[in-house]
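In what follows, a single structure is set out as structure tokens and then discussed.
Read the figures in this text as sums done on the coordinates, not as results from a lab. Everything numeric here is computed off the predicted structure, so don't read it as measured data. No Cβ is skipped: glycine too gets one built from the backbone with ideal geometry, and neighbour counts run over all protein chains shown.
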Amino acid sequence: MNPIFADAPTTIFETMSRLAMQHDAINLGQGFPDDPGPEDVRAKAAAALLSGWNQYPPMMGIPDLRQAVATHYKRFHKLDLDWQSEVMITSGATEALADSLLAILQPGDEVVLFQPMYDAYLPLVKRAGGVPKFVTLRPPHWRIDEAALQAAFSPKTKAVIFNNPLNPTASVFPREDLELLGRYLVKYDAIAICDEVWEHVLFDGLSHTPLISLPGLRERCIKIGSAGKIFSLTGWKVGFVCAAPAIMKVLAKAHQYVTFTTPPNLQAAVAYGLDKDDAYFTGMRQTLQTARDRFAKGLTEAGLTVLPSQATYFLNVDLSPISNDVDDAAFCQNMVEQAKVAAIPVSAFYSEDQVKTVIRFCFAKTYDKLDGAIERIAAHI
Ligand code: PMP
Ligand code: GLN
């Protein structure tokens, strides 16, 4: 057995969800929303399932969806993408990440990873033969430090995985950081695998800048998106990859051997959804922002230190004011058992040099659950 997977722990999401069930806790750990997703989009999927084509769709994705992705990114990010040579549909962002790493890396190539990082990155990098080099981000601003970036890059750097907006920190990198990273990509002739699944879930009027839109980066970025976060349908696993034709040709080869394709009915419904009017997208952000504000207020009144949440379904709490030697994992274990509220320790998203003072809550939940959690936490701390 390969030790990268044989010795891997069960993911923190699965672990905390299981503990939440075992202790009958309110589960604010794993990031999935209570919102069932837009009914018209789900109705499209159901209709396509019953009356449509249920055999293998085209390997690159159904033309309607590939065109819808190109049109959507033109509308929101002013990107000019040729849907035939630069857009591919995958089974979730996770498959797109795996395809990208399998397509790009040769054994021994170095990959720069910003930690905290999404749990799938490191095992996929290693299994594809890559050698990880870490850049550590720290609260409360989670900005890129140039000295750390310089130390991580080398002539062996082949790729970078760049997640913006960033899960679990709920932060958005300012343009200055994108430009800094861009300079290193050019200097070291590296490719950025841009995980932008949270591109629509931004608050307080912030807007998303895809790394691929920066001058000089068009040919060295792979832009990854996911319908899961855009439509609150995390179980659908419909992802989109955009890259210049020379890169896309190789990504397509990886995709054809990994999953080959993605359910056609879900693709048809996502194509319809991407074309929804602006009110849907602003409404989704507003609903989440209102929940974020309600939860942040409750936690603050309960005496906790809430970190800024600019994006995603998440809000982080800094435990360091509670005690000098606090341990986020122990705190979460205790909280799920005693207070019956599940959260995620952010140290689980680091490989080394962990920050152990921050925990992540998912606020994309009903007010009943958020208010109930606040009451329980207030009584617990
Ligand atoms: N990347 C990040 C940063 C995520 O937060 C998630 C899901 N929460 C994914 C990738 C996975 O996306 P998908 O479900 O489309 O595979
Ligand atoms: N992306 C979700 C989160 O950050 C979880 C995904 C999963 O469970 N694998 O919580």
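Take the Cβ atoms of Glu219 and Tyr257, set R0 to 25 Å, and the FRET efficiency comes out at 0.55. When the trypsin sites (Lys or Arg not before Pro) in segment 1-103 are filtered for DSSP coil states and for at most 11 other beta-carbon atoms within 10 Å of their beta-carbon, the remaining sites are Lys78. For segment 51-111, the list of GluC sites (Glu not before Pro) that fall in a loop by DSSP and count at most 14 other C-beta atoms within 10 angstrom is empty. Once each part is reduced to its C-alpha centroid, what is the distance from segment 1-21 to segment 30-83 in angstrom? Answer, in whole Å: 30. For Thr157, nonlocal amide neighbours, meaning residues 5 or more places apart or on other chains whose placed amide H falls under 5 Å from its own, are Glu110.
Averaging the sequence gap over all C-alpha pairs within less than 8 Å and six or more residues apart, then dividing by the number of residues, gives the chain a relative contact order of 25 percent. In this structure the amide hydrogen of Thr90, modeled in the peptide plane, comes within under 5 Å of the amide hydrogens of Gly239, Phe240, Val241, none closer than 5 places in sequence on its chain. Overall shape: prolate for segment 39-274, with the ratio a/c of the largest to smallest alpha carbon gyration tensor axis at 1.5 or above and a/b above b/c.
Taking every DSSP helix (H) stretch of at least 4 residues in the chain, weighting each as -39,500 (n - 2.57) and dividing the sum by the residue count yields a mean residue ellipticity at 222 nm of -12500 deg cm²/dmol. Of the residues Asp35, Asp204, Asp325, the one with the fewest other Cβ atoms within 10 Å heads the list, and the complete ranking is Asp325, Asp204, Asp35. Here the 3J(HN,Hα) profile of segment 255-268, calculated from phi with Karplus coefficients 6.51, -1.76 and 1.60 at θ = phi - 60°, is 4, 5, 9, 8, 10, 6, 7, 9, x, x, 5, 5, 4, 5 Hz, Gly and Pro shown as x. GNM remark for the chain: springs join alpha carbons under 10 Å apart, and the peak mean-square fluctuation among Asn163, Asn265, Asn334 falls on Asn334.
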